[in-house]
Amino acid sequence: MNIKKISAAFFVGAMIAGCGDNAKDETAQEKKDTSSKADVAAIVVDGQTLMRSQIDADIEKIVKAQKIPAQQLEYSKQMLANQLAQNFLVEKVLVSKAKADGYTVTDADRKAREDEFLKAAAKMPDAPKSLDEYFKKFPLGEARARSEFESGILIDKMLKAEQAKAPQKDFSAEAKKMIEDIIAKNKACENSQADALKKINELKAQLDKTAEKDLAKKFEELAKENSACPSGQRGGDLGEFPRGQMVKEFDEAVFNLPVNKVSAPVKTQYGYHLIMTTKKIPAVEAKGEAPAKPEMVKASHILVKINAPQDVPKQEDLEKRLKAQETGKFARTFIMGLIQKAKITTSDEFKYLLPPPELPEEPKKGAVEKSEKK
């Protein structure tokens, strides 16, 4: 099972993604269509069942609210089915555990989550001004929105409390060490840049000594032997291309270079290049049914890469990122542990959601020897 991010933010994120036009209830015809299909239990978690017809009904409401284009409909429906089934599994397992351990949701919890939700939603178009406004627009219905909101608070409260019981890492020391490593690597990049410039100048010197009639062949040989670009396998050949397709420095050099001449080293974000423009193709105006064509060139290049220095993050930002990663890792491990213990059955369609079977423990060496003696 692939759980990328599970916490109250998981449910809040799903809720925000569901914002849209106010969805109407199923019509009698829709209900008739759904009931006429062969129905199966898509997933059962500790006695709580999600029917395939429920998934289909939810998908139809989401599709209407989000106005998914027809060409994306089939793929989107399958993705939504997978997401709804996984959400059901995770939510039921976590809510059951939270309630069994005595976690509850208070008015203060609701207020804090409401503020967090509205702050996150404010960045989106047509953001709701209040939680009630959002609940009324929720594609799956107001009652469903309120239920999922409560579940998200309860789950997040439990996960935070459980993680607080675990040994806490020193993110400050870890962040400091990572920053020191980045600074050290950046210093090494300075040497790498000098080495790359030395190598590209050596290649240019070889080409400068080559007779004009042999220049194209020599360029191809050096590209195959030295270029870090995949085009090196083709002797550096980049084919034909118009202005604006390459990065600015390369673009300016290749269009200003005379045909069959080798450029001076050109530095870009990728490293140092030697460029040979092998053909210039003038622009063509539209005529009759024939469309206009832009100015183009055919060119080859040799690339010697340099290791670009990495931005040094602020320690405070890095600590937050490390803490968030640890929170996600803890949540995934905690949830998978609960799923392993839960009683879950699925239809064939959602078998991939089942946790892998636990391997039997190997008998201890002493126990084996004792058994063999008997």
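Just need a number here: residues in the range 121-155 that are in contact (Cβ under 8 Å) with a residue 24 or more places away in the chain, within 28 Å of V93 (Cβ to Cβ) and exposed (fewer than 15 other Cβ atoms within 10 Å of the Cβ). I'd like the intermediate steps shown before the answer.
Looking only at the range 121-155, we keep the residues that are in contact (Cβ under 8 Å) with a residue 24 or more places away in the chain, and these are 121, 124, 126-128, 134, 136-141, 145, 148-155.
Subsequent filtering for residues that are within 28 Å of V93 (Cβ to Cβ) retains 121, 134, 138-141, 145, 148-155.
Filter once more, so that each one left must be exposed (fewer than 15 other Cβ atoms within 10 Å of the Cβ): none.
The total comes to 0.
Can you tell me which residue within the range 246-290, out of those that are among the hydroxyl-bearing types (S, T, Y) and in a loop (DSSP other than H, G, I, E, B), is least open to solvent (accessible area, probe 1.4 Å)?
Taking the range 246-290 as the starting set, the residues that turn out to be among the hydroxyl-bearing types (S, T, Y) are 263, 268, 270, 272, 277-278.
In the following step, the residues that additionally are in a loop (DSSP other than H, G, I, E, B) were identified as 263, 270.
Details: S263: 9, Y270: 117 Å².
Among those that are among the hydroxyl-bearing types (S, T, Y) and in a loop (DSSP other than H, G, I, E, B), it is S263.
Among the residues of the range 216-228 satisfying the criterion of being in a helix (DSSP H, G or I) and in contact (Cβ under 8 Å) with a residue 60 or more places away in the chain, which is most open to solvent (accessible area, probe 1.4 Å)? Explain how you work it out, then say what you get.
Taking the range 216-228 as the starting set, the residues that turn out to be in a helix (DSSP H, G or I) are 216-226.
From what is left, the residues that are in contact (Cβ under 8 Å) with a residue 60 or more places away in the chain are 216, 219-220, 222-223, 226.
Details: A216: 61, F219: 3, E220: 79, L222: 6, A223: 0, N226: 37 Å².
For the range 216-228, the residue satisfying everything is E220.
Among the candidates L318, L303, L359, single out the residue that is assigned to a helix (DSSP H, G or I) and either of a type in the set (A, V, I, L, M) or modelled with pLDDT of 95 or more (or both). Give the steps one after another, and end with the answer.
Details: L303 fails: assigned to a helix (DSSP H, G or I); L359 fails: assigned to a helix (DSSP H, G or I).
Result: L318 is the single residue among L318, L303, L359 that is assigned to a helix (DSSP H, G or I) and either of a type in the set (A, V, I, L, M) or modelled with pLDDT of 95 or more (or both).
Give the residue, chosen from F219, F255, F250, F171, that is touching a helix residue (DSSP H, G or I) at 6+ places or on another chain (Cβ under 9 Å) and under 20 Å from T278 (Cα atoms). Even if it seems obvious, please write down each step before you answer.
Details: F255 fails: touching a helix residue (DSSP H, G or I) at 6+ places or on another chain (Cβ under 9 Å); F250 fails: touching a helix residue (DSSP H, G or I) at 6+ places or on another chain (Cβ under 9 Å); F171 fails: under 20 Å from T278 (Cα atoms).
Going through F219, F255, F250, F171 in turn, just one is touching a helix residue (DSSP H, G or I) at 6+ places or on another chain (Cβ under 9 Å) and under 20 Å from T278 (Cα atoms): F219.
Does A164 meet the test of being part of a helix (DSSP H, G or I) and either under 30 Å from K61 (Cα atoms) or touching an Asp or Glu at 6+ places or on another chain (Cβ under 7 Å) (or both)?
Details: part of a helix (DSSP H, G or I): yes; either under 30 Å from K61 (Cα atoms) or touching an Asp or Glu at 6+ places or on another chain (Cβ under 7 Å) (or both): no.
No; evaluated as a whole, the condition is false for this residue.
With respect to A85, is the statement that it is under 21 Å from R146 (Cβ atoms) and either not β-branched (V, I, T) or not in a helix (DSSP H, G or I) (or both) true? Talk me through it step by step, then tell me what you get.
Values: under 21 Å from R146 (Cβ atoms): no; either not β-branched (V, I, T) or not in a helix (DSSP H, G or I) (or both): yes.
Answer is no for this residue.
Being among the small types (G, A, S) and touching a residue at least 24 places away in the same chain (Cβ under 8 Å) is the filter; apply it to the range 156-177 and report the residue that is least open to solvent (accessible area, probe 1.4 Å).
Pass one, the range 156-177, residues among the small types (G, A, S): 161, 164, 166, 172-173, 175.
Among the residues that remain, those that are also touching a residue at least 24 places away in the same chain (Cβ under 8 Å) are: 161, 166, 172, 175.
Numbers: A161: 34, A166: 30, S172: 53, A175: 0 Å².
Per the criteria, the residue is A175.
Would you please list the contacts, defined by Cβ atoms under 7 Å and residues six or more apart or on different chains, that run from a residue in the range 229-245 that is assigned to a strand (DSSP E or B) to a residue that is loosely packed, with under 15 Cβ neighbours inside 10 Å?
Between residues of the range 229-245 that are assigned to a strand (DSSP E or B) and residues that are loosely packed, with under 15 Cβ neighbours inside 10 Å, the close pairs are E240/I281; P242/P294; P242/E295.
Of the numbered conditions (1) farther than 30 Å from A161 by Cα; (2) at pLDDT 85 or above; (3) surrounded by 12 or more Cβ atoms within 10 Å (Cβ to Cβ), E74 fails exactly one; give the number of that condition.
Result: E74 fails condition (3) only.
List the pairs whose first member sits in the range 311-331 and is open to solvent by less than 100 Å² (accessible area, probe 1.4 Å), whose second member is not in a helix (DSSP H, G or I), and whose Cβ atoms are under 7 Å apart, counting only residues at least 6 apart or on separate chains?
Correct list of pairs: E326/K169; G328/K5; F330/A166; A331/I6; A331/S7.
When only residues in the range 24-45 that are at pLDDT below 90 and assigned to a loop (DSSP other than H, G, I, E, B) count, which is most open to solvent (accessible area, probe 1.4 Å)? Explain how you work it out, then say what you get.
Taking the range 24-45 as the starting set, the residues that turn out to be at pLDDT below 90 are 24-39.
Of the ones still in play, those that are also assigned to a loop (DSSP other than H, G, I, E, B) are 24-27, 37-39.
Numbers: K24: 176, D25: 130, E26: 54, T27: 70, K37: 121, A38: 99, D39: 73 Å².
Filtering the range 24-45 for residues that are at pLDDT below 90 and assigned to a loop (DSSP other than H, G, I, E, B), the one most open to solvent (accessible area, probe 1.4 Å) comes out as K24.
List every residue pair whose Cβ atoms lie under 7 Å apart, where the two residues are 6 or more positions apart in sequence or sit on different chains, the first residue falls within the range 283-307 and is closer than 11 Å to E240 by Cα and in contact (Cβ under 8 Å) with a residue 40 or more places away in the chain, and the second residue, located anywhere, is part of a loop (DSSP other than H, G, I, E, B) and of a type outside the set (S, T, N, Q).
That search, which allows pairs on different chains as well, returns E295/R243; E295/P282; E295/A283; S300/G235; S300/G236.
The values are calculated or read from the model by the stated rules, or taken from the named source; none is laboratory data. Since we're looking at a predicted model, the values are computed, not measured. Virtual Cβ from ideal backbone geometry, glycine too; neighbours counted across all protein chains shown. Surface areas here come from the heavy atoms of the whole protein model, side chains and all, with no ligands, DNA or RNA. Shrake-Rupley method; radii C 1.70, N 1.55, O 1.52, S 1.80 Å.
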